[in-house]
Amino acid sequence: MIEPYQREVHETTLWNALGGAGVSDLIRYFPNGPYESSSEFCDWLDHAQEAQGSVTCVFRSRVTGDIVGMATLMRPDPANGVVEVGAVAHGAAMKRSPMSTEAHYHMARHVFDTLDYRRYEWKCHNENGASKITATRLGFQFEGVFRQHIVSKGGNRDTAWFSMIDGEWPALKQAFEAWLDPSNFELDGRQKRRLEEVRDAQG
């Protein structure tokens, strides 16, 4: 399930889901931090929402009811129909489970089907191999690397850019829904076909 971040509801549970005092390891490629406490972490989330128009989405397991991760819709540009997903952090409970795929499917569906946007972006530090793998797996197309894009934590950041666009969304949506169908999973929860295989089978 996805719910909008509210500090009074999520401060402690989100902090703990992302590793508590170890959260700096999980978000080491974020252009900010590290954080010593949940209060510092949520100060940043609050500022991003109030000053930059970001909307942080908090992921909750339907099975356990626990908070398991987050991602943020940021830099919205309604005039051009563009928004970016960033500040993506999947807690340990999300790893190697359908939860992360389902969460990002619902976010993309909101961007294209509800907001009627034209372009959905994913950007990350070019050294963040895990993020680049995730973007590609979800169906974002690699567009290139912006060299010396920003200075982050006192050092250079080359930024890898990915996107999906509205013309691609119907096929991507169909693949997401086919992959998430219960028939694609064994009784022990293992996937029968990878998401990439489902997309490839569509031709």
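What pairs come out if I take residues in the stretch 163-176 that are of a type in the set (Asp, Glu) and pair them with residues that are outside any helix (DSSP H, G or I) whose C-beta lies under 9 Å away, six or more apart or interchain?
What qualifies is 166/81; 166/116; 166/117; 166/118; 166/119; 166/120; 168/139; 168/141.
Residue-wise test of (1) touching a residue at least 12 places away in the same chain (Cβ under 8 Å); (2) out of contact with any Phe, Trp or Tyr (no Cβ under 8 Å at 6 or more places or on another chain); (3) more than 21 Å from residue 180 (Cβ to Cβ).
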residue: 29; (1), (2), (3): yes, yes, yes
residue: 36; (1), (2), (3): yes, yes, yes
residue: 66; (1), (2), (3): yes, yes, no
residue: 74; (1), (2), (3): yes, yes, yes
residue: 94; (1), (2), (3): yes, no, no
residue: 107; (1), (2), (3): yes, yes, no
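Return the residues of the stretch 165-203 that are among the acidic types (Asp, Glu) and more than 23 Å from the chain's Cα centre (by Cα); say none if nothing qualifies.
Correct list: 186, 188.
Hey, any hits in the stretch 143-159 for a residue that's under 27 Å from residue 11 (Cβ atoms), in a strand (DSSP E or B) and in contact (Cβ under 8 Å) with a residue 24 or more places away in the chain?
Within the stretch 143-159, the first condition is being under 27 Å from residue 11 (Cβ atoms), and the residues that meet it are 152-153.
Add one more test, that the residue is in a strand (DSSP E or B), and what stays is 152.
Restricting the remaining residues to those that are in contact (Cβ under 8 Å) with a residue 24 or more places away in the chain gives 152.
Yes - at least one qualifying residue is present in the stretch 143-159.
Can you find a residue in the stretch 104-119 that is assigned to a strand (DSSP E or B) and surrounded by 13 or more Cβ atoms within 10 Å (Cβ to Cβ)?
The answer is yes, given that some residue of the stretch 104-119 is assigned to a strand (DSSP E or B) and surrounded by 13 or more Cβ atoms within 10 Å (Cβ to Cβ).
Every residue in the stretch 9-41 that is loosely packed, with under 15 Cβ neighbours inside 10 Å, modelled with pLDDT under 75 and of a type in the set (A, V, I, L, M), please.
The one that is loosely packed, with under 15 Cβ neighbours inside 10 Å, modelled with pLDDT under 75 and of a type in the set (A, V, I, L, M): 21.
The values are calculated or read from the model by the stated rules, or taken from the named source; none is laboratory data. All figures in this text were calculated on a predicted structure; none of them were measured in a lab. Heads up, the Cβs are rebuilt from the backbone with ideal geometry, glycines too, and the neighbour counts pull from every protein chain shown.
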